[in-house]
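A short write-up of the structure that comes next.
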Amino acid sequence: MRLYKSSKGQWVGTQADARRYFPRDWKETDVPVSKVQLIEFLNENKVGATQTEQQQPVMTAPDPEQIDPEAYSWVTWAYETLRRGDKAEAEAMLLRGLEKQKELLEDNDRG
């Protein structure tokens, strides 16, 4: 069995998660499969340790339903513009999208 560990000591169970959460900052680790050896390995390597043990939590992507549709639209448009090679316009659009998302978060904090 394999687990994937970042240089900061964070663990995930799939290579896809390793690529997603720790781009170019992970290594594959072989893990024993017998129950006794597996428990010993997990304890020794503090896999799944709590934050009080100085482990950093893995960040997950934000809930798409919390992203303002207008902000999402600006960011998507900025990405497509960047792909066409117009960096200045893409930066302006991206800034606009980030401002819209910030407004949404501030409104949610007040309400």
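The values are calculated or read from the model by the stated rules, or taken from the named source; none is laboratory data. Since the structure is predicted, the reported quantities are computational estimates derived from the model, not experimental observations. For neighbour counting, all protein chains shown are included, and Cβ atoms are generated from backbone atoms with ideal geometry for every residue, glycine included. These area figures cover heavy atoms from the full protein model, side chains too; ligands, DNA and RNA do not enter into them. Shrake-Rupley method; radii C 1.70, N 1.55, O 1.52, S 1.80 Å.
State the number of residues belonging to the stretch 77-111 that are assigned to a loop (DSSP other than H, G, I, E, B) and surrounded by 12 or more Cβ atoms within 10 Å (Cβ to Cβ). I'd like the intermediate steps shown before the answer.
Start the filter on the stretch 77-111 by keeping residues that are assigned to a loop (DSSP other than H, G, I, E, B), which leaves 85-86, 111.
Next, from what is left, pick out any that are surrounded by 12 or more Cβ atoms within 10 Å (Cβ to Cβ): 86.
Total satisfying the criteria: 1.
Look at the stretch 19-47: where a residue is over 12 Å from Arg2 (Cα atoms) and a partner is modelled with pLDDT of 85 or more and open to solvent by 80 Å² or more (accessible area, probe 1.4 Å), sitting 6+ places away or on another chain with Cβ atoms under 6 Å, you get Asp25/Ser7.
This table checks each residue for (1) exposed (fewer than 13 other Cβ atoms within 10 Å of the Cβ); (2) of a type in the set (Lys, Arg); (3) assigned to a helix (DSSP H, G or I); (4) modelled with pLDDT under 85.
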{"position": "Tyr4", "(1), (2), (3), (4)": "no, no, no, no"}
{"position": "Ala16", "(1), (2), (3), (4)": "yes, no, yes, no"}
{"position": "Pro23", "(1), (2), (3), (4)": "yes, no, no, no"}
{"position": "Thr29", "(1), (2), (3), (4)": "no, no, no, no"}
{"position": "Met59", "(1), (2), (3), (4)": "yes, no, no, yes"}
{"position": "Tyr72", "(1), (2), (3), (4)": "no, no, yes, yes"}
